[in-house]
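Have a look at the structure below, then the notes.
The values are calculated or read from the model by the stated rules, or taken from the named source; none is laboratory data. Note that the coordinates shown come from a computational prediction; the quantities given were computed from them, not determined experimentally. So basically every Cβ, Gly included, is an ideal-geometry build from the backbone, and we count neighbours across all protein chains shown.
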2 protein chains.
Amino acid sequence: MKLTILGCHSATPRVSAHPTSQVLEIKNHTFLIDCGEGAQVQLRKYKVKFSKIKNIFISHLHGDHVFGLIGLISTFRLLNRETEINVYGPKGIKEFIVTQLRLTESHAGYPIKFHELTSKKSELIFEDKKVEVHTIPLKHRIYTNGFLFKEKLGERKLNMVAISKYPEIEVCDYQNLKNGKDFKLQNGEFITNDILTTAPTKPKSYAFCSDTSFTESIVPIVKNVDLLYHEATFLNDKIDLAKTTGHSTAEQAATIAKKANINQLIIGHYSNRYNSKDAFLAESENIFNNTVLAEEGKIFEIS
Amino acid sequence: MKLTILGCHSATPRVSAHPTSQVLEIKNHTFLIDCGEGAQVQLRKYKVKFSKIKNIFISHLHGDHVFGLIGLISTFRLLNRETEINVYGPKGIKEFIVTQLRLTESHAGYPIKFHELTSKKSELIFEDKKVEVHTIPLKHRIYTNGFLFKEKLGERKLNMVAISKYPEIEVCDYQNLKNGKDFKLQNGEFITNDILTTAPTKPKSYAFCSDTSFTESIVPIVKNVDLLYHEATFLNDKIDLAKTTGHSTAEQAATIAKKANINQLIIGHYSNRYNSKDAFLAESENIFNNTVLAEEGKIFEIS
């Protein structure tokens with residue numbers, strides 16, 4: 001699982017401060033998460049193949065999370081894309097894109113499937129054999145969701161040394177073993193599965209939470225994730241401003257991380273009022289030690 | 001008069017190839033011309049004060065000329081703008097912006113006045129004491145205008161050496177002299193204005209033409225301008241592609257420049273298919289010698 005930060009600042013884009021956008025590579029998927037202005041250029045800069053993106057998740061319709069989407073959708077067309085794209089985002093996102101395509105007298109030229117979200121409860125919005133994506137309802141000035149990306153528990157792994165002791169076990173039996181079944185010998189004896197296989201790799205998980213006020217309702221949804229991105233727009237001296245604008249402080253992000261017992265916390269969505277990020281790190285580490293600052297181009301790998 | 005190129009490439013933005021946007025400073029105005037994605041970051045990069053922009057001219061509603069507008073309008077609000085902004089562009093530009101503001105649950109917070117254009121003939125769309133802006137109807141796949149920016153003829157300049165010979169001429173007479181009036185002495189004799197003043201500075205003019213097929217209907221409108229920007233998306237080996245896509249070649253841009261007897265030609269809106277711009281310059285210079293390549297950050301001053 002590999003997360004690339006394309007942009008991690010709030011509000012207006014600046015020369016070296018792009019608004020929110022991330023790429024998550026998980027089980028052969030390349031998920032784009034949020035798409036602030038300039039995201040398509042950041043994708044190029046960090047060598048993400050446009051054709052691999054088939055699912056885009058938009059947390060909310062504020063400009064610093066969505067103004068880059070129409071440009072990306074147009075660029076897909078110019079690159080002669082034919083593959084369907086799925087866009088998951090708040091109700092209104094379809095009108096947002098379709099109106100612009102109509103007024104620019106353009107058409108995508110490939111299928112765009114909009115999955116408009118309205119639920120205020122966490123829901124499963126994407127699923128295949130290996131991955132699930134759930135929404136994380138957030139508390140912002142506008143309808144907003146974070147997203148929880150979870151690998152599914154994989155197959156058990158064959159213990160070839162153990163298997164080789166039983167010549168009766170053939171290649172055609174392997175899938176049953178991977179599925180956890182015991183093996184019955186011709187003499188009627190059962191070899192239990194845990195002798196013939198080992199446990200599958202622990203499924204990895206990533207939770208993305210931007211933008212939100214401090215809300216403990218996030219905690220049970222992101223419980224024990226390997227990696228949590230939680231916005232930290234302000235430092236704690238601006239806790240009142242954070243509340244009125246629907247944002248969090250670094251300390252609040254760290255508090256969520258601690259309560260949810262997650263492994264590693266990434267903070268970002270910094271307000272442009274701060275020149276240095278050091279105070280964000282210090283404030284967060286004071287509550288939750290395994291904190292890392294989001295930075296453009298930074299890659300997080302969980303192996 | 002000072003022109004700053006913010007972006008001069010066509011189609012999809014790339015790391016060092018921004019789509020069309022320019023800033024024209026003329027007689028205390030700071031006009032923004034087209035606004036492709038990332039234009040607001042380019043404005044910051046090239047130190048253009050956001051607060052000085054009061055008039056934005058959009059040639060057409062293709063993404064590489066307009067996708068940066070909603071972000072800029074939103075940023076104005078975040079910067080607590082109160083001054084009115086005027087947006088001149090094709091019919092539909094109001095819906096384009098207003099729909100996005102509504103769906104992002106935002107409001108500009110300052111007045112935006114949309115001037116929606118529909119005429120297929122050149123028209124005067126902006127005028128004050130010192131400047132006029134006229135449309136230049138272009139021939140593209142979608143309704144498109146270029147813009148002609150013209151200084152008005154200024155006042156005549158006082159010839160103080162000549163004036164000092166006539167003690168009867170007082171300070172309160174100066175404005176009449178600047179306006180071109182003769183001076184009547186007490187003895188009834190007239191001193192003609194051309195003795196007392198010199199001609200005003202020649203008014204400067206800039207014409208912006210992007211995007212367009214080769215069309216000679218531009219020629220009379222841009223006749224004798226000091227500076228002409230004419231798109232040159234392709235080289236002449238792609239003249240058929242230029243025609244079908246509603247674009248021009250470098251040779252065609254130069255042909256317009258030559259026929260219109262302009263002073264200096266800037267070409268740009270290069271297709272991303274070309275790695276080098278040298279061939280564009282060579283092809284254009286072959287027809288019209290005073291050609292310059294548009295480049296990001298390049299400044300053209302006419303003094």
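Filter region B:201-212 down to the residues that are of a type outside the set (D, E, K, R) and modelled with pLDDT under 95, then identify the one that is surrounded by the most Cβ atoms within 10 Å (Cβ to Cβ).
Filtering first and then ranking leaves B:Ser210.
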Within region A:216-234, count every residue that is closer than 24 Å to A:Arg273 by Cα and over 11 Å from the mean Cα position of the chain (by Cα). 5
Please go through region A:179-200 and pick out each residue that is surrounded by 13 or more Cβ atoms within 10 Å (Cβ to Cβ) and within 28 Å of the chain's Cα centre (by Cα). A:Pro200
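Residue-wise test of (1) acidic (Asp, Glu); (2) crowded, with 20+ Cβ neighbours inside 10 Å; (3) at pLDDT 95 or above; (4) not assigned by TED's automatic domain parsing to the domain that holds B:Gln175.
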{"residue": "B:Glu82", "(1), (2), (3), (4)": "yes, no, yes, yes"}
{"residue": "B:Tyr88", "(1), (2), (3), (4)": "no, yes, yes, yes"}
{"residue": "B:Ser106", "(1), (2), (3), (4)": "no, no, no, yes"}
{"residue": "B:Glu116", "(1), (2), (3), (4)": "yes, no, yes, yes"}
{"residue": "B:Thr135", "(1), (2), (3), (4)": "no, yes, yes, yes"}
{"residue": "B:Arg141", "(1), (2), (3), (4)": "no, no, yes, yes"}
{"residue": "B:Thr144", "(1), (2), (3), (4)": "no, yes, yes, yes"}
Among residues of region A:90-119, those that are more than 10 Å from chain B (Cβ to nearest Cβ) and at positive phi, counted: 1
Applying the selection to region A:54-92, what residues are under 22 Å from A:Ile26 (Cβ atoms) and among the small types (Gly, Ala, Ser)? A:Ser59, A:Gly68, A:Gly89
Could you check how many residues of region B:31-47 are among the β-branched types (Val, Ile, Thr) and under 25 Å from B:Thr135 (Cβ atoms)? 1
Identify, by number, the condition in (1) without any contact (Cβ under 8 Å) to a residue 40 or more places away in the chain; (2) out of contact with any Ser or Thr (no Cβ under 6 Å at 6 or more places or on another chain); (3) surrounded by fewer than 18 Cβ atoms within 10 Å (Cβ to Cβ) that A:Leu228 doesn't meet. (3)
Sole miss for A:Leu177 among (1) touching a Phe, Trp or Tyr at 6+ places or on another chain (Cβ under 8 Å); (2) in contact (Cβ under 8 Å) with a residue 24 or more places away in the chain; (3) of a type outside the set (Val, Ile, Thr); (4) farther than 30 Å from A:Asp240 by Cβ is condition (2)
Looking at region A:1-58 only, could you name the residues that are buried (at least 21 other Cβ atoms within 10 Å of the Cβ), within 14 Å of another protein chain (Cβ to nearest Cβ) and assigned to a strand (DSSP E or B)? A:Leu6, A:Gly7, A:His9, A:Pro19, A:Ser21, A:Asp34, A:Cys35
Across region A:226-263, what is the number of residues that are polar (S, T, N, Q) and in contact with a Leu (Cβ under 8 Å, 6 or more places away or on another chain)? 2
Between a first residue in region B:69-85 that is more than 10 Å from chain A (Cβ to nearest Cβ) and a second residue that is surrounded by fewer than 22 Cβ atoms within 10 Å (Cβ to Cβ) and among the basic types (Lys, Arg), which pairs have beta carbons less than 9 Å apart while being 6 or more apart in sequence or on different chains? B:Thr83/B:Lys54; B:Glu84/B:Lys54; B:Glu84/B:Lys113; B:Ile85/B:Lys54; B:Ile85/B:Lys113
Six or more apart or on different chains, Cβ under 6 Å: which pairs go from a residue in region B:94-115 that's among the hydroxyl-bearing types (Ser, Thr, Tyr) to one that's assigned to a loop (DSSP other than H, G, I, E, B) and crowded, with 17+ Cβ neighbours inside 10 Å? Could you list them? B:Thr104/A:Leu61; B:Thr104/A:His62; B:Tyr110/B:Arg81
Just give me the residues in region A:59-68 being within 9 Å of chain B (Cβ to nearest Cβ) and either surrounded by fewer than 20 Cβ atoms within 10 Å (Cβ to Cβ) or of a type in the set (Gly, Ala, Ser) (or both), in sequence order. A:Gly63, A:Gly68
